[in-house]
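Enquirer: My questions will all concern the structure given below.
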Amino acid sequence: MDEAEKLNILSKLVSIKSVNDNEKDVAEYIKGLFNDHGIFSEIIPYKGNRANLVAEIGDGDKILAFSGHMDTVMAGDGWTYDPFKLTEKGNELYGRGATDMKSGLAAMVIAMIELKESGVKLNGRVRLLATIAEEVGEYGAKQLTDEGYMKDVDALVIGEPSAYYLVYTHMGSLDIRVTSTGKAAHSSMPDEGFNAIEPLLKFLGQATETFKNTGASDPELGDFIFNITTIEGGTQVNAIPGSAQAEMNFRTVPDYDNEKVLTKVNGIINDINKQSDNDLKLEIMMNLPSVKAGKNSEIIKLTESITRKYFGDNVQRVGIAGTTDAAMFLDGKPDDYDMVISGPGNTTMHKIDESVPKDMYLNFIDIYKQIASQFLK
(Lines give C-alpha, C1' and ligand atoms only; values in the text may rest on other atoms or scores of the structure.)
Protein backbone atom coordinates (compact mmCIF):
# COMPACT_ATOMS: atom_id res chain seq x y z
CA MET A 1 0.00 0.00 0.00
CA ASP A 2 1.13 3.55 -0.55
CA GLU A 3 0.96 6.22 2.14
CA ALA A 4 -2.35 7.60 0.91
CA GLU A 5 -4.02 4.19 1.24
CA LYS A 6 -2.65 3.75 4.76
CA LEU A 7 -3.94 7.16 5.80
CA ASN A 8 -7.30 6.47 4.19
CA ILE A 9 -7.77 3.31 6.28
CA LEU A 10 -7.09 5.20 9.50
CA SER A 11 -9.36 8.01 8.30
CA LYS A 12 -12.20 5.56 7.74
CA LEU A 13 -11.74 4.00 11.17
CA VAL A 14 -11.79 7.42 12.86
CA SER A 15 -14.97 8.36 10.97
CA ILE A 16 -16.86 5.39 12.46
CA LYS A 17 -18.40 6.62 15.72
CA SER A 18 -17.62 3.66 17.94
CA VAL A 19 -17.96 5.63 21.17
CA ASN A 20 -18.45 2.90 23.77
CA ASP A 21 -20.64 1.10 21.19
CA ASN A 22 -21.06 0.32 17.48
CA GLU A 23 -17.84 -1.67 17.18
CA LYS A 24 -19.63 -3.99 14.76
CA ASP A 25 -19.42 -1.20 12.16
CA VAL A 26 -15.64 -1.13 12.63
CA ALA A 27 -15.45 -4.93 12.46
CA GLU A 28 -17.44 -5.03 9.22
CA TYR A 29 -15.16 -2.42 7.64
CA ILE A 30 -12.04 -4.37 8.63
CA LYS A 31 -13.58 -7.62 7.44
CA GLY A 32 -14.22 -5.99 4.08
CA LEU A 33 -10.57 -4.99 3.85
CA PHE A 34 -9.46 -8.52 4.65
CA ASN A 35 -11.91 -9.99 2.14
CA ASP A 36 -10.44 -7.75 -0.56
CA HIS A 37 -7.03 -9.24 0.13
CA GLY A 38 -8.03 -12.86 0.53
CA ILE A 39 -7.57 -13.00 4.31
CA PHE A 40 -9.87 -15.09 6.50
CA SER A 41 -11.76 -13.21 9.19
CA GLU A 42 -14.91 -13.70 11.22
CA ILE A 43 -17.16 -11.41 13.21
CA ILE A 44 -17.90 -12.65 16.74
CA PRO A 45 -21.23 -11.12 17.89
CA TYR A 46 -21.58 -9.80 21.44
CA LYS A 47 -24.93 -8.03 21.57
CA GLY A 48 -26.65 -5.18 19.81
CA ASN A 49 -24.26 -3.41 17.45
CA ARG A 50 -21.24 -4.72 19.31
CA ALA A 51 -19.04 -7.46 17.87
CA ASN A 52 -15.42 -8.59 18.00
CA LEU A 53 -13.40 -9.61 14.97
CA VAL A 54 -10.82 -12.40 14.57
CA ALA A 55 -8.58 -12.82 11.51
CA GLU A 56 -5.58 -15.00 10.62
CA ILE A 57 -2.78 -15.26 8.10
CA GLY A 58 -0.07 -17.89 7.79
CA ASP A 59 0.06 -21.57 8.54
CA GLY A 60 1.46 -23.68 11.37
CA ASP A 61 1.18 -24.30 15.10
CA LYS A 62 3.05 -21.30 16.47
CA ILE A 63 0.70 -18.34 16.95
CA LEU A 64 1.45 -14.65 17.41
CA ALA A 65 -1.60 -12.60 18.36
CA PHE A 66 -2.01 -8.94 17.52
CA SER A 67 -4.73 -7.14 19.47
CA GLY A 68 -6.42 -3.77 19.34
CA HIS A 69 -9.74 -2.40 20.56
CA MET A 70 -12.32 -0.78 18.30
CA ASP A 71 -14.13 1.47 20.82
CA THR A 72 -13.27 5.01 21.84
CA VAL A 73 -14.26 7.34 24.64
CA MET A 74 -16.67 10.24 24.03
CA ALA A 75 -15.38 13.12 21.93
CA GLY A 76 -16.47 15.92 24.26
CA ASP A 77 -16.67 19.62 23.38
CA GLY A 78 -14.00 22.12 22.41
CA TRP A 79 -12.25 20.38 19.52
CA THR A 80 -10.30 22.49 17.04
CA TYR A 81 -11.08 19.89 14.38
CA ASP A 82 -14.01 17.58 13.66
CA PRO A 83 -13.28 14.66 16.03
CA PHE A 84 -14.67 12.14 13.55
CA LYS A 85 -12.75 13.38 10.51
CA LEU A 86 -9.03 12.59 10.40
CA THR A 87 -7.26 15.93 9.97
CA GLU A 88 -3.60 16.22 9.02
CA LYS A 89 -1.65 19.23 10.28
CA GLY A 90 2.11 19.01 9.94
CA ASN A 91 3.13 15.61 11.30
CA GLU A 92 0.01 15.20 13.46
CA LEU A 93 -3.16 13.29 12.57
CA TYR A 94 -6.11 14.55 14.63
CA GLY A 95 -9.30 12.66 15.50
CA ARG A 96 -11.02 10.75 18.28
CA GLY A 97 -9.26 7.40 18.50
CA ALA A 98 -6.24 8.57 16.47
CA THR A 99 -4.03 7.60 19.40
CA ASP A 100 -6.31 5.39 21.49
CA MET A 101 -6.19 3.23 19.55
CA LYS A 102 -7.37 3.16 15.98
CA SER A 103 -3.89 3.93 14.66
CA GLY A 104 -2.50 0.85 16.41
CA LEU A 105 -5.40 -1.26 15.13
CA ALA A 106 -5.02 0.09 11.58
CA ALA A 107 -1.27 -0.54 11.65
CA MET A 108 -1.84 -4.17 12.63
CA VAL A 109 -4.48 -4.69 9.94
CA ILE A 110 -2.26 -3.16 7.24
CA ALA A 111 0.78 -5.13 8.46
CA MET A 112 -1.17 -8.38 8.05
CA ILE A 113 -2.37 -7.37 4.58
CA GLU A 114 1.13 -6.43 3.46
CA LEU A 115 2.63 -9.63 4.87
CA LYS A 116 0.02 -11.63 2.95
CA GLU A 117 0.59 -9.63 -0.24
CA SER A 118 4.38 -10.00 -0.02
CA GLY A 119 4.16 -13.79 0.04
CA VAL A 120 6.65 -13.97 2.93
CA LYS A 121 6.78 -17.43 4.47
CA LEU A 122 5.55 -17.48 8.06
CA ASN A 123 6.37 -20.49 10.19
CA GLY A 124 3.11 -20.12 12.08
CA ARG A 125 0.09 -17.82 12.17
CA VAL A 126 -0.65 -14.20 12.96
CA ARG A 127 -4.05 -13.86 14.63
CA LEU A 128 -5.78 -10.51 15.00
CA LEU A 129 -8.06 -10.09 18.02
CA ALA A 130 -10.04 -6.85 17.54
CA THR A 131 -12.15 -6.19 20.60
CA ILE A 132 -15.12 -4.25 21.89
CA ALA A 133 -15.48 -2.35 25.17
CA GLU A 134 -11.85 -2.01 26.21
CA GLU A 135 -12.58 1.48 27.52
CA VAL A 136 -15.36 0.22 29.81
CA GLY A 137 -15.22 -3.32 31.12
CA GLU A 138 -13.07 -5.21 28.59
CA TYR A 139 -16.03 -7.43 27.73
CA GLY A 140 -14.68 -8.19 24.27
CA ALA A 141 -11.36 -9.52 25.50
CA LYS A 142 -13.19 -11.58 28.11
CA GLN A 143 -15.51 -13.06 25.48
CA LEU A 144 -12.65 -14.00 23.16
CA THR A 145 -10.68 -15.47 26.07
CA ASP A 146 -13.69 -17.45 27.31
CA GLU A 147 -14.28 -18.77 23.78
CA GLY A 148 -10.69 -20.04 23.52
CA TYR A 149 -9.08 -17.59 21.11
CA MET A 150 -6.13 -17.05 23.49
CA LYS A 151 -5.72 -20.69 24.51
CA ASP A 152 -3.14 -21.59 21.83
CA VAL A 153 -1.45 -18.17 21.50
CA ASP A 154 2.31 -18.27 22.07
CA ALA A 155 2.86 -14.50 22.23
CA LEU A 156 0.66 -11.42 22.36
CA VAL A 157 1.29 -7.88 21.07
CA ILE A 158 -1.27 -5.25 22.13
CA GLY A 159 -1.14 -2.07 20.05
CA GLU A 160 -2.09 0.43 22.76
CA PRO A 161 -0.40 3.86 22.43
CA SER A 162 2.83 3.21 24.31
CA ALA A 163 5.03 5.06 21.76
CA TYR A 164 8.66 4.50 22.82
CA TYR A 165 7.79 2.36 25.81
CA LEU A 166 7.44 -1.41 25.92
CA VAL A 167 4.87 -2.29 28.58
CA TYR A 168 4.96 -5.73 30.18
CA THR A 169 3.10 -5.07 33.43
CA HIS A 170 0.31 -2.77 34.56
CA MET A 171 -1.89 -2.02 37.55
CA GLY A 172 -5.30 -3.50 38.15
CA SER A 173 -8.37 -1.28 38.04
CA LEU A 174 -11.38 -1.53 40.33
CA ASP A 175 -14.45 0.72 40.00
CA ILE A 176 -17.12 0.64 42.71
CA ARG A 177 -20.32 2.49 43.52
CA VAL A 178 -21.56 2.84 47.10
CA THR A 179 -25.25 3.75 47.43
CA SER A 180 -26.91 5.06 50.55
CA THR A 181 -30.67 4.76 51.02
CA GLY A 182 -32.48 7.02 53.46
CA LYS A 183 -35.94 8.57 53.69
CA ALA A 184 -36.89 11.86 52.06
CA ALA A 185 -38.58 14.56 54.14
CA HIS A 186 -38.99 18.33 54.36
CA SER A 187 -35.86 20.01 55.73
CA SER A 188 -37.95 21.66 58.48
CA MET A 189 -38.91 18.20 59.76
CA PRO A 190 -35.70 16.14 59.60
CA ASP A 191 -36.98 13.67 62.20
CA GLU A 192 -39.61 12.58 59.67
CA GLY A 193 -36.90 11.36 57.32
CA PHE A 194 -33.38 9.97 57.29
CA ASN A 195 -30.55 11.82 55.55
CA ALA A 196 -28.88 9.42 53.11
CA ILE A 197 -25.86 11.67 52.67
CA GLU A 198 -24.69 11.35 56.28
CA PRO A 199 -23.76 7.63 56.28
CA LEU A 200 -22.24 8.05 52.82
CA LEU A 201 -20.01 10.81 54.18
CA LYS A 202 -18.94 8.50 57.00
CA PHE A 203 -18.03 5.85 54.45
CA LEU A 204 -16.08 8.30 52.28
CA GLY A 205 -14.18 9.60 55.29
CA GLN A 206 -13.18 6.12 56.45
CA ALA A 207 -12.38 4.99 52.90
CA THR A 208 -10.15 8.00 52.38
CA GLU A 209 -8.34 7.36 55.66
CA THR A 210 -7.91 3.68 54.78
CA PHE A 211 -6.90 3.89 51.12
CA LYS A 212 -4.93 7.12 51.01
CA ASN A 213 -2.48 5.73 53.56
CA THR A 214 -1.92 2.12 52.55
CA GLY A 215 1.81 2.50 51.94
CA ALA A 216 1.32 -0.14 49.24
CA SER A 217 3.70 0.15 46.34
CA ASP A 218 5.32 -1.94 43.63
CA PRO A 219 8.88 -1.39 42.39
CA GLU A 220 7.75 -1.59 38.76
CA LEU A 221 4.27 -0.04 38.95
CA GLY A 222 4.57 2.59 41.64
CA ASP A 223 2.13 3.46 44.43
CA PHE A 224 -1.39 2.15 44.90
CA ILE A 225 -3.91 4.81 43.79
CA PHE A 226 -7.36 5.68 45.20
CA ASN A 227 -9.73 8.40 44.00
CA ILE A 228 -13.33 9.40 44.77
CA THR A 229 -14.57 10.34 41.31
CA THR A 230 -18.33 11.12 41.52
CA ILE A 231 -20.77 12.08 44.28
CA GLU A 232 -24.55 12.49 43.89
CA GLY A 233 -27.24 13.11 46.46
CA GLY A 234 -30.36 15.07 47.18
CA THR A 235 -32.83 16.86 44.94
CA GLN A 236 -33.07 20.39 46.36
CA VAL A 237 -31.77 22.47 49.23
CA ASN A 238 -34.88 22.33 51.43
CA ALA A 239 -35.40 18.55 51.25
CA ILE A 240 -33.80 15.76 53.27
CA PRO A 241 -32.18 13.48 50.66
CA GLY A 242 -33.60 9.98 50.43
CA SER A 243 -30.68 8.63 48.39
CA ALA A 244 -27.04 9.36 47.66
CA GLN A 245 -24.18 7.61 45.94
CA ALA A 246 -20.47 7.90 45.27
CA GLU A 247 -18.16 6.20 42.79
CA MET A 248 -14.51 5.38 43.35
CA ASN A 249 -11.59 4.07 41.32
CA PHE A 250 -8.71 2.04 42.69
CA ARG A 251 -5.49 1.30 40.77
CA THR A 252 -4.16 -1.80 42.46
CA VAL A 253 -0.80 -3.52 42.74
CA PRO A 254 -0.10 -7.25 43.27
CA ASP A 255 0.51 -6.90 47.04
CA TYR A 256 -2.62 -4.77 47.52
CA ASP A 257 -4.96 -6.29 45.00
CA ASN A 258 -8.65 -5.92 44.14
CA GLU A 259 -9.79 -8.60 46.56
CA LYS A 260 -7.97 -6.96 49.45
CA VAL A 261 -9.62 -3.63 48.59
CA LEU A 262 -13.07 -5.21 48.41
CA THR A 263 -12.59 -6.95 51.75
CA LYS A 264 -11.76 -3.61 53.39
CA VAL A 265 -14.62 -1.79 51.64
CA ASN A 266 -17.11 -4.41 52.80
CA GLY A 267 -15.73 -4.14 56.31
CA ILE A 268 -16.28 -0.37 56.39
CA ILE A 269 -19.81 -0.74 54.99
CA ASN A 270 -20.75 -3.45 57.50
CA ASP A 271 -19.50 -1.36 60.44
CA ILE A 272 -21.45 1.72 59.34
CA ASN A 273 -24.62 -0.28 58.61
CA LYS A 274 -24.63 -1.53 62.20
CA GLN A 275 -25.26 2.04 63.32
CA SER A 276 -28.77 3.58 63.37
CA ASP A 277 -30.77 3.20 60.14
CA ASN A 278 -27.79 3.32 57.82
CA ASP A 279 -28.26 1.40 54.58
CA LEU A 280 -25.13 1.34 52.42
CA LYS A 281 -24.78 -1.06 49.49
CA LEU A 282 -21.79 -1.87 47.31
CA GLU A 283 -21.87 -2.33 43.54
CA ILE A 284 -18.79 -3.49 41.64
CA MET A 285 -18.74 -1.71 38.30
CA MET A 286 -15.41 -2.99 36.94
CA ASN A 287 -12.94 -5.47 38.41
CA LEU A 288 -9.74 -5.93 36.40
CA PRO A 289 -6.67 -7.57 37.95
CA SER A 290 -3.14 -6.29 37.61
CA VAL A 291 -1.07 -7.78 34.79
CA LYS A 292 2.43 -9.17 34.86
CA ALA A 293 4.22 -10.73 31.89
CA GLY A 294 7.85 -11.56 31.23
CA LYS A 295 10.17 -8.55 31.37
CA ASN A 296 12.76 -10.54 29.43
CA SER A 297 10.47 -12.64 27.24
CA GLU A 298 11.22 -13.44 23.62
CA ILE A 299 8.57 -11.06 22.28
CA ILE A 300 9.66 -8.07 24.35
CA LYS A 301 13.34 -8.54 23.45
CA LEU A 302 12.42 -8.88 19.78
CA THR A 303 10.17 -5.81 19.89
CA GLU A 304 12.89 -3.82 21.63
CA SER A 305 15.49 -4.68 19.00
CA ILE A 306 13.12 -3.65 16.21
CA THR A 307 11.74 -0.45 17.76
CA ARG A 308 15.23 0.78 18.66
CA LYS A 309 15.93 1.05 14.94
CA TYR A 310 13.20 3.71 14.79
CA PHE A 311 13.31 5.36 18.23
CA GLY A 312 16.84 4.72 19.49
CA ASP A 313 17.58 4.99 23.19
CA ASN A 314 14.07 6.31 23.90
CA VAL A 315 12.86 2.69 23.98
CA GLN A 316 12.40 1.39 27.54
CA ARG A 317 10.67 -1.53 29.25
CA VAL A 318 8.15 -0.18 31.77
CA GLY A 319 5.06 -0.77 33.88
CA ILE A 320 2.06 1.58 33.78
CA ALA A 321 -0.93 2.57 35.91
CA GLY A 322 -3.45 2.17 33.08
CA THR A 323 -5.21 -1.06 32.24
CA THR A 324 -5.59 -2.91 28.93
CA ASP A 325 -7.24 -5.99 27.44
CA ALA A 326 -4.26 -7.92 28.78
CA ALA A 327 -6.13 -8.08 32.10
CA MET A 328 -8.52 -10.53 30.41
CA PHE A 329 -6.26 -12.09 27.79
CA LEU A 330 -3.62 -13.15 30.34
CA ASP A 331 -6.08 -14.89 32.65
CA GLY A 332 -4.42 -18.15 33.65
CA LYS A 333 -1.14 -17.31 31.90
CA PRO A 334 2.19 -17.53 33.78
CA ASP A 335 3.99 -14.41 35.03
CA ASP A 336 6.72 -14.89 32.42
CA TYR A 337 4.27 -15.06 29.50
CA ASP A 338 5.31 -13.58 26.13
CA MET A 339 3.37 -10.30 26.01
CA VAL A 340 4.23 -6.72 25.12
CA ILE A 341 2.13 -3.58 24.77
CA SER A 342 3.60 -1.52 21.95
CA GLY A 343 1.83 0.86 19.59
CA PRO A 344 1.75 4.32 18.02
CA GLY A 345 0.51 7.29 19.98
CA ASN A 346 1.21 10.03 22.47
CA THR A 347 -0.31 11.43 25.67
CA THR A 348 -3.42 12.91 24.01
CA MET A 349 -5.60 9.84 24.58
CA HIS A 350 -9.04 10.77 26.00
CA LYS A 351 -8.21 14.47 25.52
CA ILE A 352 -9.61 17.18 23.27
CA ASP A 353 -7.71 17.30 19.93
CA GLU A 354 -6.41 13.76 20.30
CA SER A 355 -3.71 13.07 17.71
CA VAL A 356 -1.04 10.61 16.59
CA PRO A 357 2.26 11.46 14.87
CA LYS A 358 1.93 10.43 11.23
CA ASP A 359 5.48 9.09 10.96
CA MET A 360 5.00 6.97 14.08
CA TYR A 361 1.78 5.47 12.72
CA LEU A 362 3.48 4.57 9.45
CA ASN A 363 6.57 3.25 11.24
CA PHE A 364 4.50 0.90 13.37
CA ILE A 365 3.11 -0.78 10.27
CA ASP A 366 6.67 -1.80 9.43
CA ILE A 367 7.43 -2.64 13.08
CA TYR A 368 4.51 -5.07 13.26
CA LYS A 369 5.53 -6.68 9.98
CA GLN A 370 9.04 -7.23 11.29
CA ILE A 371 7.82 -8.57 14.64
CA ALA A 372 5.61 -11.12 12.87
CA SER A 373 8.15 -12.23 10.28
CA GLN A 374 10.96 -12.58 12.83
CA PHE A 375 8.89 -14.23 15.58
CA LEU A 376 7.52 -16.71 13.03
CA LYS A 377 10.69 -17.19 10.99
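Enquirer: Just from its helices, what would the mean residue ellipticity at 222 nm be for the chain, if runs of 4 or more DSSP H residues each count -39500 (n - 2.57) and the sum is divided by every residue, rounded to the nearest 500 deg cm²/dmol? Could the numbers behind the result be given before it?
Expert: Working: 9 runs with 118 residues, N = 377.
The helix contribution divided over the chain gives -10000 deg cm²/dmol.
Enquirer: Follow-up. On full extension of the chain, what length is gained from Q275 through M189, given 0.36 nm per residue of separation minus the C-alpha to C-alpha distance?
Expert: Full-extension gain reported as 28.8 nm.
Enquirer: Determine the gain in length on full extension of the stretch A239-T263; use 0.36 nm per residue of separation and subtract their C-alpha separation, reporting nm with one decimal. Each step should come with its number before you reach the end.
Expert: Working: separation 24, 0.36 × 24 = 8.64 nm, distance 3.42 nm.
Answer, rounded to one decimal: 5.2 nm.
Enquirer: Separate question: For segment 172-288, what number of Lys pairs, 8 or more residues apart or on separate chains, have alpha-carbon atoms under 20 Å from each other?
Expert: Here the count comes out as 12.
Enquirer: Related question: Among DSSP bridges having both ends in the chain, what percentage is antiparallel? Round to the nearest 5. Spell out each step's value before the answer.
Expert: Values: 55 of 76 bridges.
Around 70 percent of the beta bridges assigned by DSSP in the chain are antiparallel ones.
Enquirer: Can you tell me which aspartates and glutamates have their Cα less than 13 Å from the Cα of K369? Leave out same-chain residues fewer than eight positions away.
Expert: E114, E117
Enquirer: Taking the Cα-to-Cβ direction at K47 and at R177 and moving 7 Å from each Cα, how far apart do the two end points lie in nm?
Expert: 1.5
Enquirer: In terms of Cα to Cα distance under 18 Å, which aspartates and glutamates are near enough to K151, apart from those fewer than 8 places away along the same chain?
Expert: E42, E56, D59, D61, E138, D325, D331, D335, D336, D338
Enquirer: Next up: Give the calculated FRET efficiency between A4 and I352 to the nearest 0.05, with a Förster radius of 35 Å applied to their Cβ-Cβ distance. Each step should come with its number before you reach the end.
Expert: On the way: r = 27 Å, r/R0 = 0.78.
Efficiency for this residue pair is about 0.80.
Enquirer: Over the chain, what is the relative contact order in percent, taking alpha-carbon pairs closer than 8 angstrom and at least six residues apart? Walk me through the intermediate numbers first.
Expert: Working: 862 pairs, mean separation 91.1, N = 377.
After rounding, I find 24 percent.
Enquirer: Which ³J(HN,Hα) values, rounded to whole Hz and listed in residue order, are derived for segment 269-276 from phi using the Karplus coefficients 6.51, -1.76 and 1.60 in 6.51 cos²θ - 1.76 cosθ + 1.60 with θ = phi - 60°, glycine and proline given as x?
Expert: Computed from phi, the couplings for segment 269-276 are 4, 4, 5, 5, 5, 6, 9, 6 Hz.
Enquirer: A follow-up question, please. Compute the normalised compactness of segment 172-288: alpha-carbon radius of gyration over 2.2 N^0.38 Å, N being the residue count. Write out the running numbers ahead of the final one.
Expert: Working: Rg = 15.8 Å, N = 117, 2.2 N^0.38 = 13.4 Å.
Against the compact-globule rule of thumb, the ratio is 1.18.
Enquirer: Let me ask something else about it. Go through segment 211-309 and name the trypsin sites (Lys or Arg not before Pro) that are in a DSSP coil and have 10 or fewer other Cβ atoms within 10 Å of their Cβ. Write out the running numbers ahead of the final one.
Expert: Working: sites: K212, R251, K260, K264, K274, K281, K292, K295, K301, R308, K309; in loops: K212, K274, K295.
Sites meeting the loop and neighbour criteria: K274.
Enquirer: How many nm is it between the label spots at L201 and T80, if each spot is 7 Å from the Cα in line with the beta carbon?
Expert: Once both label points are built, they end up 4.5 nm from each other.
Enquirer: Given a Förster distance of 41 Å, report the FRET efficiency between K17 and D336 from their Cβ-Cβ distance, rounded to the nearest 0.05. Intermediate values should be presented prior to the final figure.
Expert: Working: r = 40 Å, r/R0 = 0.97.
The computed FRET efficiency comes out at 0.55.
Enquirer: If you don't mind, another one. Tally up the carbon and sulfur contribution to the accessible surface of the chain as a whole percent, 1.4 Å probe, everything protein left in place.
Expert: Numbers: 7490 of 16130 Å².
Solvent-exposed carbon and sulfur of the chain make up 46 percent of the total.
Enquirer: Moving to a separate point now. Once you charge only the Cβ atoms, +1 for Lys and Arg and -1 for Asp and Glu, what is the size of the charge dipole of the chain about its Cα centre, to the nearest 20 debye?
Expert: Details: 38 positive and 57 negative charges, 85 e Å.
The dipole of the chain has a size of about 400 debye.
Enquirer: What angle do you read, to the nearest 10 degrees and between 0 and 90, between the alpha-carbon axis of helix 23-36 and the longest principal axis of the chain?
Expert: Between the helix axis and the principal axis of the chain, the angle is about 10 degrees.
Enquirer: Once you list every other residue whose beta carbon is under 14 Å from the beta carbon of A216, what net charge do they have if Lys and Arg are +1 and Asp and Glu are -1?
Expert: On the way: positive: K212, R251, K260, K264; negative: D218, E220, D223, D255, D257, E259.
Local charge sum for A216: -2.
Enquirer: Further, regarding this structure: HN-Hα J couplings of segment 116-132 from phi, Karplus 6.51/-1.76/1.60, θ = phi - 60°, integer Hz, Gly and Pro as x?
Expert: Once rounded to whole Hz, the list reads 5, 5, 6, x, 4, 7, 9, 8, x, 10, 9, 10, 8, 10, 9, 10, 9.
Enquirer: Under 10 Å from the Cβ of T324, count the other residues' Cβ atoms, weight Lys and Arg +1, Asp and Glu -1, and hand me the total.
Expert: Details: positive: none; negative: E134, E138, E160, D325.
Once all neighbours under 10 Å are counted, the net charge is -4.
Enquirer: Any idea what angle helix 298-311 forms with the longest principal axis of the chain, computed on alpha-carbon atoms, 0 to 90 degrees, nearest 10?
Expert: 80
Enquirer: May I pose another question? Want the number for Q316 to T229: 0.36 nm per residue separation, take away the alpha-carbon distance, what's left? Could you put the intermediate results ahead of the total?
Expert: On the way: separation 87, 0.36 × 87 = 31.32 nm, distance 3.16 nm.
Extra length from Q316 to T229 when fully extended: 28.2 nm.
Enquirer: Tell me the angle of helix 358-375 to the major Cα principal axis of the chain, expressed in degrees between 0 and 90 and rounded to the nearest ten.
Expert: 70
Enquirer: Sticking with this one: What size of dipole, in debye to the nearest 20, comes out for segment 172-288 about its Cα centre when the only charges are +1 on Lys and Arg C-beta atoms and -1 on Asp and Glu C-beta atoms?
Expert: Details: 9 positive and 17 negative charges, 33 e Å.
Here the size comes out at about 160 debye.
Enquirer: For segment 139-195, which trypsin sites (Lys or Arg not before Pro) are in a loop by DSSP, counting at most 14 other Cβ atoms within 10 Å?
Expert: Of the trypsin sites (Lys or Arg not before Pro), the ones in loops of segment 139-195 whose Cβ has at most 14 other Cβ atoms within 10 Å are K151.
Enquirer: Over the chain, with the other protein chains present, what is the accessible area per residue in square angstrom, probe 1.4 angstrom?
Expert: Numbers: 16130 Å² over 377 residues.
Spelled out: the 1.4 Å probe surface of the chain, per residue, equals 43 Å².
The values are calculated or read from the model by the stated rules, or taken from the named source; none is laboratory data. Everything numeric here is computed off the predicted structure, so don't read it as measured data. Here Cβ is always computed from backbone atoms with ideal geometry, including for glycine, and neighbour counts include all displayed protein chains. Please note that ligands, DNA and RNA were not included when accessible areas were found on the heavy atoms of the full protein model with its side chains. Shrake-Rupley method; radii C 1.70, N 1.55, O 1.52, S 1.80 Å.
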